[in-house]
Amino acid sequence: MKKNFFEGIDLTVLFITTGILTAGLLAIFSATYTSGTDYFSRQLTFALFGILLMLVVSYIPPRIIAKGSYAFYGLSLILLVLVLLFGKKISGSKSWFSFGGFGIQPSEFAKIATVLAIANFLSTSDEGFKNINKPVNFIKTCLFVFVPVILIMRQPDMGTSLVFLSMILPIMFWAGLSPYALFIIISPAIIAVGAFLGMNYFITALVIVAVVLLLFKKNIFITAGILVINFVIGFSVDTLYKKLQPYQQARIKAVFDPSTDPLGSGYNVIQSKVAIGSGGLFGKGFLQGTQTQLKFIPEQWTDFIYCMIGEEFGFAGSVIILLLYMLIIFQLVNNAYLSKNRFLSIACIGFSSIILFHLVINVGMTIGVMPVIGIPLPLMSYGISSLLSFLVMTGIGMSAYRYRNQY
């Protein structure tokens, strides 16, 4: 009996998740050690509850998860509308419900609901599954993402909106989207980045896109049309940039040169880089960080928690944390590959994409190579909604492992 019990549990995901949670709890304890707050006790309580929730979710059969996915998605949209009407405004964003001192962020759970709804849509058809290369299926899949994105942009919350957009391409690719269609979607982003960096980069990006499109050997008129669209997008970047809010422009500028606003948008980045750099190879030791213990970094237990690891546990500790994240992402992708159930396979790809995007942006923020857009570090940053949502994601990933031989 015990043998069967342990055979059904994805011990890799369980142990790595527990390890990341433990590191996060230590970092939150250190970050709030001298402030007298109860963030650590709250996070610990919900971490224990979340692990239990993760295990419970891992036992739910895929057909039940799929059956409830559309209802869950509909409920998440209703909550996103209600939070706009009755939510609490924090840091200029109306994205929270407040209950007895606790904040609930509906957009965190909407991530799960959106992935599950897309997975159910793409895995349900009279032919067995839907062909993502058919325009009608492609458009419907996009709508699953764009509806919550529009509501979240109204809050406004640019960071969370980008998380939703980050999941769509990996899911579509895994569902069978052709490389040609995938490149057409990606090419405007390549052009936009090049245009933002300068004219030489823009021309280089345009040439690269043109060469790749020609290698696909598609209709020359279609290829020319795509190039024209990319050209227009490139010349529109500067106009779009000027339409951003001043604080958004400042955050982007701070990525390239934090000194442009050292006491404003660049302050956290500068202090974070100092903290990580001062940690050296093995760090200053637990509770011994000067930048962090002296509170040079505001609310360092949330989005900038990675700098706690860098200062107190050094380069070695930082690399170990990154390796743990890479392992959990790899395991979720592996579960997706091994699963015979298309619904859970697509869901695992969606969840691994979300975790990877959070990791890249959050760590990039702390070392000054990404804009500060309020993206938490999965399972480590303080936040009840974020913590529970990621544990539910890993629980569904464990379900994919448990039921990997079921269609």
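The figures follow:
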quantity	calculated
Scope segment 294-346; condition more than 23 Å from GLY19 (Cα to Cα), out of contact with any Ser or Thr (no Cβ under 6 Å at 6 or more places or on another chain) and in contact (Cβ under 8 Å) with a residue 40 or more places away in the chain; matching residues	LYS295, LEU338, LYS340, ASN341, LEU344, ILE346
Among (1) more than 30 Å from GLN406 (Cα to Cα); (2) of a type outside the set (A, V, I, L, M); (3) surrounded by 16 or more Cβ atoms within 10 Å (Cβ to Cβ), the one test that GLN331 misses	(1)
The one condition in (1) within 30 Å of SER107 (Cβ to Cβ); (2) modelled with pLDDT under 90 that MET199 fails to fulfil	(1)
Residues located in segment 160-179, provided they are surrounded by 15 or more Cβ atoms within 10 Å (Cβ to Cβ) and either over 25 Å from ILE355 (Cβ atoms) or not hydrophobic (A, V, I, L, M, F, W, C) (or both)	THR160, SER161, SER166, PRO170
THR124 of a type outside the set (A, V, I, L, M, F, W, C) and in contact (Cβ under 8 Å) with a residue 40 or more places away in the chain	yes
Pairs, first small (Gly, Ala, Ser) in segment 15-27, second surrounded by 21 or more Cβ atoms within 10 Å (Cβ to Cβ) and not in a helix (DSSP H, G or I), C-beta under 6 Å, six or more apart	GLY24/LEU379; GLY24/MET380; ALA27/ILE305
Scan of segment 189-223 for residues that are assigned to a helix (DSSP H, G or I) and surrounded by fewer than 12 Cβ atoms within 10 Å (Cβ to Cβ), ordered by number	MET199, ASN200, VAL207, VAL211, LEU215, ILE220, PHE221
Leading residue by the ranking (surrounded by the most Cβ atoms within 10 Å (Cβ to Cβ)) among those in segment 29-54 that are modelled with pLDDT of 90 or more and among the β-branched types (Val, Ile, Thr)	ILE51
Hits in segment 167-188 - residues which are assigned to a helix (DSSP H, G or I), out of contact with any Cys (no Cβ under 8 Å at 6 or more places or on another chain) and aliphatic (A, V, I, L, M)	MET167, LEU169, ILE171, MET172, ALA181, LEU182, ILE184, ILE185, ILE186
Matching residues in segment 76-129 - criterion: being aliphatic (A, V, I, L, M), within 28 Å of ALA400 (Cβ to Cβ) and either modelled with pLDDT under 80 or within 21 Å of the chain's Cα centre (by Cα) (or both)	LEU77, LEU79, LEU80, ILE104, ALA110, ILE112, ALA113, VAL115, LEU116, ALA117, ILE118, ALA119
Filter result for LEU75 (more than 15 Å from SER385 (Cα to Cα) and assigned to a helix (DSSP H, G or I))	yes
Among residues of segment 369-407, those that are modelled with pLDDT under 90 and charged (D, E, K, R), counted	1
Qualifying residue in segment 265-274 (condition: over 15 Å from PHE29 (Cα atoms) and either in contact with a strand residue (DSSP E or B) (Cβ under 9 Å, 6 or more places away or on another chain) or part of a loop (DSSP other than H, G, I, E, B) (or both))	yes
Inter-residue pairs, beta-carbon under 8 Å, first modelled with pLDDT under 95 and part of a helix (DSSP H, G or I) and in segment 55-71, second surrounded by 15 or more Cβ atoms within 10 Å (Cβ to Cβ) and of a type in the set (D, E, K, R), 6+ apart	SER58/ASP10; SER58/ARG402
Hey, GLY397 touching a helix residue (DSSP H, G or I) at 6+ places or on another chain (Cβ under 6 Å) and of a type outside the set (Ser, Thr, Tyr) or not	yes
Residue that is in contact (Cβ under 8 Å) with a residue 24 or more places away in the chain, more than 24 Å from LEU116 (Cβ to Cβ) and touching a Ser or Thr at 6+ places or on another chain (Cβ under 9 Å), where the choices are THR366, THR394	THR366
Boolean, LEU244 is more than 26 Å from ILE168 (Cβ to Cβ), outside any helix (DSSP H, G or I) and modelled with pLDDT under 80	no
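Here is a yes/no grid of residues against (1) surrounded by 16 or more Cβ atoms within 10 Å (Cβ to Cβ); (2) in a loop (DSSP other than H, G, I, E, B):
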{"site": "GLY285", "(1), (2)": "no, yes"}
{"site": "THR292", "(1), (2)": "yes, no"}
{"site": "LYS295", "(1), (2)": "no, yes"}
{"site": "TRP301", "(1), (2)": "yes, yes"}
{"site": "PHE304", "(1), (2)": "yes, yes"}
{"site": "ILE309", "(1), (2)": "yes, no"}
{"site": "GLY314", "(1), (2)": "yes, no"}
{"site": "LEU323", "(1), (2)": "no, no"}
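Listed here are the residues, each with its yes/no results for (1) farther than 29 Å from LEU11 by Cβ; (2) charged (D, E, K, R); (3) out of contact with any helix residue (DSSP H, G or I) (no Cβ under 6 Å at 6 or more places or on another chain).
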{"site": "PRO298", "(1), (2), (3)": "yes, no, yes"}
{"site": "ASP303", "(1), (2), (3)": "yes, yes, yes"}
{"site": "TYR337", "(1), (2), (3)": "no, no, yes"}
{"site": "SER345", "(1), (2), (3)": "no, no, no"}
{"site": "PHE357", "(1), (2), (3)": "no, no, no"}
{"site": "GLY364", "(1), (2), (3)": "yes, no, yes"}
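The values are calculated or read from the model by the stated rules, or taken from the named source; none is laboratory data. Keep in mind the model is a prediction, meaning the values are calculated, not measured. Because the Cβ atoms are built from the backbone with ideal geometry, glycine has one as well, and the counts that use them run over all protein chains shown.
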